[in-house]
Amino acid sequence: MRESFVIYGRSVLAPRSLAWFGEPGLNYRYTQLDHIGAGWPAPIAKLRQQVESASGQRFNFVLINRYAHGQEHMGWHRDDEKGCCGDIASLSIGATRRFSIDIDEADAPRRESVDLNNGSLLIFDGRQRHCLRPTKKPVAQRINLTFRLIET
Ligand SMILES: O=C(O)CCC(=O)C(=O)O
């Protein structure tokens with residue numbers, strides 16, 4: 001699905017497509033929208049298992065974003081809603097795209113960027129500002145799964 005957000009009183013379509021899965025009934029609410037889990041299809045459950053064993057962390061929700069081409073992106077934001085989530089495990093499939101994050105360390109604040117390629121798994125603190133940059137290069141689609149632990 002393609003979500004829309006209200007920004008300065010205007011409804012704006014997100015520049016990407018979204019799906020989600022999670023524990024039945026678990027609600028990950030952000031940007032004033034509910035995202036309610038309805039269980040885990042087998043292939044996504046298997047990916048979750050692999051990500052949990054690679055990261056040593058437990059997750060109960062996943063957002064899946066699809067970027068059809070280089071202009072689709074995710075703007076700067078923090079995932080710091082109440083009940084959500086410290087470390088996020090981000091699994092990339094498809095085209096390589098650039099991810100940037102502002103690290104707020106008091107003594108050494110800095111911006112880091114990394115090209116996330118097919119099959120990469122990045123663990124990051126979602127409370128730090130981050131984004132998925134648009135690109136003018138002709139790139140194929142990319143699918144990104146962010147596994148999260150939402151407070152129950
Ligand atoms: O697609 C990506 O790598 C970024 C996803 C992201 O920033 C998010 O889900 O909060």
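Of all the residues that make up the stretch 17-32, how many are within 16 Å of the ligand (Cβ to nearest atom) and touching a residue at least 60 places away in the same chain (Cβ under 8 Å)?
Residues in the stretch 17-32 being within 16 Å of the ligand (Cβ to nearest atom) and touching a residue at least 60 places away in the same chain (Cβ under 8 Å): 2 in total.
Looking at the stretch 33-49, which of its residues are in a loop (DSSP other than H, G, I, E, B) and either farther than 30 Å from Arg10 by Cβ or in contact (Cβ under 8 Å) with a residue 24 or more places away in the chain (or both)? Step through it out loud before you land on a result.
First, pick out the residues of the stretch 33-49 that are in a loop (DSSP other than H, G, I, E, B): 34-35, 37-38, 40-41.
Scanning the stretch 33-49 gives His35, Gly37, Ala38, Trp40, Pro41.
Keeping to the stretch 1-26, report how many residues are in a strand (DSSP E or B) and surrounded by 14 or more Cβ atoms within 10 Å (Cβ to Cβ). So that I can check it myself, show each step before the final result.
Filtering the stretch 1-26 for residues in a strand (DSSP E or B) gives 4-7, 10-13, 17-22.
Among the residues that remain, those that are also surrounded by 14 or more Cβ atoms within 10 Å (Cβ to Cβ) are: 17-22.
Of the residues in that region, 6 qualify.
One line per residue, one yes/no per condition, for (1) polar (S, T, N, Q); (2) under 18 Å from Tyr30 (Cβ atoms):
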{"site": "Glu81", "(1), (2)": "no, yes"}
{"site": "Gly86", "(1), (2)": "no, yes"}
{"site": "Leu91", "(1), (2)": "no, no"}
{"site": "Ser120", "(1), (2)": "yes, no"}
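Could you run through the stretch 65-93 and say how many residues are surrounded by fewer than 18 Cβ atoms within 10 Å (Cβ to Cβ) and part of a strand (DSSP E or B)?
The total comes to 6.
For residues that are surrounded by fewer than 16 Cβ atoms within 10 Å (Cβ to Cβ) and more than 10 Å from the ligand (Cβ to nearest atom), tally how many sit in the stretch 101-126.
Total satisfying the criteria: 18.
Could you list all residues from the stretch 29-51 that are surrounded by 14 or more Cβ atoms within 10 Å (Cβ to Cβ), modelled with pLDDT of 95 or more and not aliphatic (A, V, I, L, M)?
Passing the criteria: His35, Gly37, Trp40, Arg48.
For the stretch 98-152, give me each residue that is of a type in the set (S, T, N, Q) and either outside any loop (DSSP other than H, G, I, E, B) or within 12 Å of the chain's Cα centre (by Cα) (or both). Give the steps one after another, and end with the answer.
So in the stretch 98-152, the residues of a type in the set (S, T, N, Q) come out as 100, 113, 117-118, 120, 128, 135, 141, 144, 146, 152.
Across the stretch 98-152, the qualifying residues are Ser100, Ser113, Asn144, Thr146.
The values are calculated or read from the model by the stated rules, or taken from the named source; none is laboratory data. Being a predicted model, the structure only gives us computed values, none of them experimental. Glycine gets a Cβ as well: all are built from the backbone with ideal geometry, and neighbour counts include every protein chain shown.
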